[in-house]
Structures are given as C-alpha cells and as structure tokens.
Amino acid sequence: MSFDNLGLDRRLLQAVGKLGYAEPTPIQRETIPLALAGRDIIGCAQTGTGKTAAFMLPTLQRIPARPGAIRALVITPTRELAGQIETFTKEIGKTTNHRCAVVYGGVGYEPQRKALRRGVDVLVACPGRLLDLVNAGHCDLRHVEVLVLDEADRMLDMGFWPDVKRILSNLPEKRQNLLFSATMSPEVLKVIGSTLTNPAQISVSPTATPIDKITQSIYPVGGQDKTDLLLHLIDKHRLTRVLVFTRTKHRADRVAKQLDRAGVRGAAIHGNRSQAQREKALDSFRRGHVKVLVATDVVSRGIDIDDITHVVNFDLPGTPEDYVHRIGRTARAGRSGSAFSMMSPEEHTNLRDIERKIGATIACEDAEGFTYKDKRMVPDPDREANPAPVQRPPAGSGRKGRPGGSARRNRRTGGTTGSGVNRNAS
Ligand code: AMP
C-alpha cells in the first residue's frame, strides 16, 4: 500500500515524498481517506504510530493555503508535542504553502501574538495559553473548520478538560472533529462524545503497537539499590541512548545528578523545567552530548527521538497506560528496543496491572555481577526450592525459551528460567 491510494493530492504527496515516508502506517491508512471525506474521527493510537501525519495531511488538503483566519486548530497537552506537530506542519507547508503557528505556556506572549497577527492557516496549541490568548482577544477561532484534539486522555488526566471545553465554546458548531487518544476510556468518550457527529472509530490494534518489538524485563531491586543498578546496567549493556523514567520531578533531578557524579552524562527533563531548559536537554540528548535523559511521565509524550535503544523505568509507573507510553519511546520507526524496569517490593501491584494491560507476563532478570545492598533481593540459586522472601506477583505459565540468554528469575519461585515476554499468559 502506498500513499498514492489514499486520496491525497499531488502537492501533499510531493511533501510526503520529501519526508522519505515509503508507505503509510496503519493509522494513516485508515484515517486519511475518512478524514478527507470530511468524517469526524475517533482514533485510538499512541504517539509513535504516525498519528500526526494521519490527522495533519488530510487537514491541510481540506483547508487550502490562505493565511489569514485560523481554519485548523490542533489542541495538544504538552509543549513538546505542540512543537513536534508544528515542525511536521511547517515541513509539509514548505511544499503546500500552509502557514502554521504554535502557542504554549512558559514563554513570552508577544512572539505568539505577533505570529497570530501575521495570519496562519493552522494553529497548534496547548490549552492554557490558547485560552489566555482567546480571552484577551488575540486569537479568533470563529473560522475553524477542522479541530484536532490530540492525546485527549492525557488532557483529561492533566486536568485540562475545563479549558478545552471553554475553547470549544469559541468554535463554530459546524466543523470537522478529529480526536486522538492513546486510550479510549469511557470517561474520554463521555466527555467528547457529544461534540462529535457520527464519528468513524479507528483503532490501531494493541498487538500492532511497537510493543511487540520491545524486549521487556523486570529487575527486582530494593529502593536504595536503584541508582547503582542503573549505573550497572548502563555499563554492562554499554548504553549510549537511554531514557530513564522516574515517578517524580524531584527523583528525576536526583538521578540525573547521581549519574553525573558517577561520570555518566545525564540530563533531567520534567514539567518544572523551563521550555528553554527542556529544549536544551532534548537537544543535547539528540546530538549524543548526554547519553541518559531522565524524564517524568508528563513530558514523556513529547520525546520523539528515533534511535533511543533503551528505556529504563527507574520506578514503575502508576498506570499501565504510562508504562506503554514510556516503553514506546524506544523501538521507533521500525527499530527494536529494550525496556528494563526496576521493581521494588512496593511496586508489585503496579506490575500486575501492567501485565494485565499488555496481556503478557514480563520476565524477571538477574543483574549478573551486581552487588545488592538490599540482601532480600539477592537472587538465590536455591530459590526453586525456597520461595523468595519478597512477595512476588503470580507469574504466568508456559514461558518461551530464550536462546543464549543469561538466566532469568522466575518471579514466583525466584529460580531461573529462560524467558522473554510471554504474550497473553496472564
Ligand atoms: P507520531 O506518531 O506522529 O509521533 O510519529 C512517530 C514517528 O514516526 C515520527 O518520527 C515520524 O516522522 C515517523 N513516521 C510517521 N509516519 C511515517 C511513515 N509513514 N513512514 C515512516 N515514518 C513515519
């Protein structure tokens, strides 16, 4: 299947050609023809599936370039995502002549007001700043023909929904709505359902997500050993492009500092950092000047870097959806990747929820050669006979063999087993 068969016009095909995309991704294949036909869409797809092009290409075709009034509005939760959507749109705009501006908080108002005064076809916005600009009369949304709500579930989680609703009340009632969400909870559908007209529902099936290309493993470890284990893993696997996730901003800063102290170049990126600091950290990571980027969930969706080889969950995330998002930062653009998750005894329930969500059990791995300070976590060679002192969640059955790998711990018994991710075992 090529882009030629989706109904895109010559200029858009030319623009896509310049991006080097050989063929459409599943979400693009399904979304583009329906969106071109003017349908409202509910798309269930994660970042990394190609959803930006899925909504932006048909949108640009439906609003021919005529900079003046904003005719397409994309609302997205984070500055990083907004920046990426803007970059993509400007890239296409070089061929189609569409003009795009972006507005988000944490930076000065005047450049954004100026861009709006110049006139744009497409506005990409985070909800808070957009609402400020609308309320102050700097942004007229009365001519919007296409509305894209990106990462709707995340906007709900982050408490942006009241702002989004106020923004929607400034839009014309007659418009096309393209809604994208990584998860489609009844809550999201309830909130958004009433604004859509006969929407086509598109879902990129979970098994088609990049998760299949990611080798996942769990490292049981006591809380105080996590930093040392991280250093051990970086050293042992010679990691040079690794994204580490922590539960809090404070922990992200602390881990980055500890890495630095140990001679590993790292940078932290989270919601307390200014836009300039975040961009600087991302840029250093992209260029390879720092090899470890430590992040929190809020900013994770903005991290769109193709060649991250490893994601490390320093802490297991609170929700299974965040786990899927985090590990989806690796194995991008058709590559494979690995996700190492450290699990302290308190985090067992998080793992159970994650395994239920992904329909698989994740193998426990021993950190060979690592000196555990927390002796409870030391792998015990006799543990087949002696159940582990740490209570572990029930393991799935029928694990697959792993060619030539090191021994992995069986979660229930603490003994070793050759295993990888075992889909649908739980
Ligand atoms: P997104 O889900 O929109 O964040 O896209 C994730 C990544 O996939 C981006 O780096 C895009 O450049 C890339 N991408 C999107 N569509 C395609 C495609 N059809 N072929 C190859 N790469 C793509």
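The values are calculated or read from the model by the stated rules, or taken from the named source; none is laboratory data. On a predicted model such as this, the values are computed, not experimentally measured, just so you know. Cβ: placed from backbone, ideal geometry, glycine included. Neighbour counts: every protein chain shown. All accessible areas refer to the heavy atoms of the entire protein, side chains included, with ligands and DNA or RNA removed. Shrake-Rupley method; radii C 1.70, N 1.55, O 1.52, S 1.80 Å.
For the reader, a short list of remarks on this structure follows.
- Label point distance in nm, Met1-Asp306, each placed 7 Å from Cα along Cα→Cβ: 2.2 nm
- Counting only the Cα atoms, the chain fills a convex hull of 141 Å³ per residue.
- Cα centroid separation - segment 73-134 against segment 302-376, whole Å: 33 Å
- In sequence order, calculated HN-Hα J values of segment 284-299 (Karplus, 6.51, -1.76, 1.60; Hz; x Gly/Pro): 4, 5, 4, 7, x, 6, 10, 9, 10, 10, 9, 9, 10, 4, 4, 8
- For segment 145-243: rounded, prolate or oblate by the Cα gyration tensor [a/c cutoff 1.5]: prolate
- Rolling a 1.4 angstrom probe over the protein heavy atoms with all chains in place gives segment 54-138 an accessible area of 35 Å² per residue.
- The GluC sites (Glu not before Pro) of segment 144-221 that meet both conditions, a loop assignment by DSSP and at most 15 other Cβ atoms within 10 Å of the site Cβ, are Glu173.
- Over segment 3-203: Rg over Rh, Cα atoms, Kirkwood Rh: 0.93
- Amide H contacts of Val294: Val244, Ala267, Ala268, Ile269, each under 5 Å away and 5 or more positions distant or on a separate chain (H built 1.01 Å from N in the peptide plane; Pro and chain starts excluded).
- The slack in the chain from Ala200 to His237, taken as 0.36 nm per residue of separation less the alpha-carbon distance, amounts to 8.8 nm.
- Taking label positions 7 Å along the Cα-Cβ direction at both Gln224 and Thr87, the computed distance is 4.2 nm, reported to one decimal.
- Distant-in-sequence amide H partners of Gln176 (H built 1.01 Å from N, under 5 Å): Val146, Leu147
- Taking each DSSP H run with n ≥ 4 as -39500 (n - 2.57) and averaging over every residue of the chain yields -10500 deg cm²/dmol at 222 nm.
- Gain in span if fully extended, Ser284 to Arg265, counting 0.36 nm per residue against the direct Cα distance: 5.8 nm
- Of all accessible heavy-atom area on segment 134-257, the percent that carbon and sulfur account for (1.4 Å): 50 percent
- Accessible-area composition of segment 1-102, carbon plus sulfur, in percent [1.4 Å probe]: 48 percent
- Estimated FRET transfer efficiency (Lys357, Gln275; beta-carbon r; R0 41 Å; 0.05): 0.80
- Multiplying the residue separation of Leu13 and Lys213 by 0.36 nm and subtracting their alpha-carbon distance yields 69.1 nm.
- Per residue value of the accessible surface for segment 139-245 (all protein chains in place, 1.4 Å probe), Å²: 43 Å²
- Treating r as the C-beta distance of Ala65 and Ser336 and R0 as 30 Å, the FRET efficiency rounds to 0.15.
- Beyond 20 Å in Cα-Cα separation lie the following of the pairs Lys249/Lys280; Lys257/Lys280; Lys90/Lys213: Lys90/Lys213.
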